[in-house]
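The values are calculated or read from the model by the stated rules, or taken from the named source; none is laboratory data. Only a predicted model underlies this, so the values are computations on that prediction, with no experimental measurement involved. Heads up, the Cβs are rebuilt from the backbone with ideal geometry, glycines too, and the neighbour counts pull from every protein chain shown. Quick note on the areas: whole protein, heavy atoms, side chains included, nothing else; ligands and nucleic acids left out. Shrake-Rupley method; radii C 1.70, N 1.55, O 1.52, S 1.80 Å.
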Amino acid sequence: QVQLVESGGGLVQPGGSLRLSCVGSGFTFAIYTMGWYRQAPGQERELVANIDVNRRTSIDDSVKGRFFIVRDNVRKTVFLEMNSLKSEDTAIYYCNAKRGEAEHWGQGTQVTVSS
């Protein structure tokens, strides 16, 4: 059974930092492109960042220079380091694993940036 379990979300003040983690199980983690998406209220889900099997990353312009994605294939974990957080970063963040037509999602973790 494929599982992606996110953690690390919460409430943070503007300018603060959070690190999201996503642990995968039930599939061969190392051969999947891993990504983080987010969905704000009333908005469509959007790609924030992903990292492929060769550790090449793709980062959305809105978070470039502030967010970083890292994968640890031994621990089957992908991290999203989020710095200089802004109110517009408030959303549910979802972990994603994709390989060809196979795609899996986590349940999401809430990130709220507010003073």
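Of everything in the range 73-108, what is open to solvent by 20 Å² or more (accessible area, probe 1.4 Å), closer than 15 Å to Gln39 by Cβ and hydroxyl-bearing (Ser, Thr, Tyr)? Give them in sequence order.
The answer is Thr90, Tyr94.
Is it true that some residue in the range 38-47 is modelled with pLDDT of 95 or more, surrounded by 15 or more Cβ atoms within 10 Å (Cβ to Cβ), of a type in the set (Gly, Ala, Ser) and more than 20 Å from Gln1 (Cβ to Cβ)?
Within the range 38-47, none of the residues are modelled with pLDDT of 95 or more, surrounded by 15 or more Cβ atoms within 10 Å (Cβ to Cβ), of a type in the set (Gly, Ala, Ser) and more than 20 Å from Gln1 (Cβ to Cβ).
So Arg75 clears everything in (1) of a type in the set (D, E, K, R); (2) under 15 Å from the mean Cα position of the chain (by Cα); (3) outside any strand (DSSP E or B) except one condition, right? Which one?
(2)
Within the group Val70, Val63, Val53, which residue is surrounded by 14 or more Cβ atoms within 10 Å (Cβ to Cβ), assigned to a strand (DSSP E or B) and of a type in the set (Val, Ile, Thr)?
Details: Val63 fails: assigned to a strand (DSSP E or B); Val53 fails: assigned to a strand (DSSP E or B).
Selected residue: Val70, the only one of Val70, Val63, Val53 that is surrounded by 14 or more Cβ atoms within 10 Å (Cβ to Cβ), assigned to a strand (DSSP E or B) and of a type in the set (Val, Ile, Thr).
Which of the residues belonging to the range 78-94 are farther than 16 Å from Val53 by Cβ and either in a strand (DSSP E or B) or of a type in the set (S, T, N, Q) (or both)?
Filtering the range 78-94 down to residues farther than 16 Å from Val53 by Cβ leaves 79-94.
Answer for the range 78-94, where residues must be farther than 16 Å from Val53 by Cβ and either in a strand (DSSP E or B) or of a type in the set (S, T, N, Q) (or both): Phe79, Leu80, Glu81, Met82, Asn83, Ser84, Ser87, Thr90, Ala91, Ile92, Tyr93, Tyr94.
Quick check on my filter: what residues within the range 6-25 are of a type outside the set (Gly, Ala, Ser), surrounded by fewer than 17 Cβ atoms within 10 Å (Cβ to Cβ) and either within 18 Å of Tyr94 (Cβ to Cβ) or under 16 Å from the mean Cα position of the chain (by Cα) (or both)?
Hit for the range 6-25 is Arg19, nothing else.
Do we find that Ser58 is open to solvent by 20 Å² or more (accessible area, probe 1.4 Å) and under 20 Å from Gln1 (Cβ atoms) in this structure?
no
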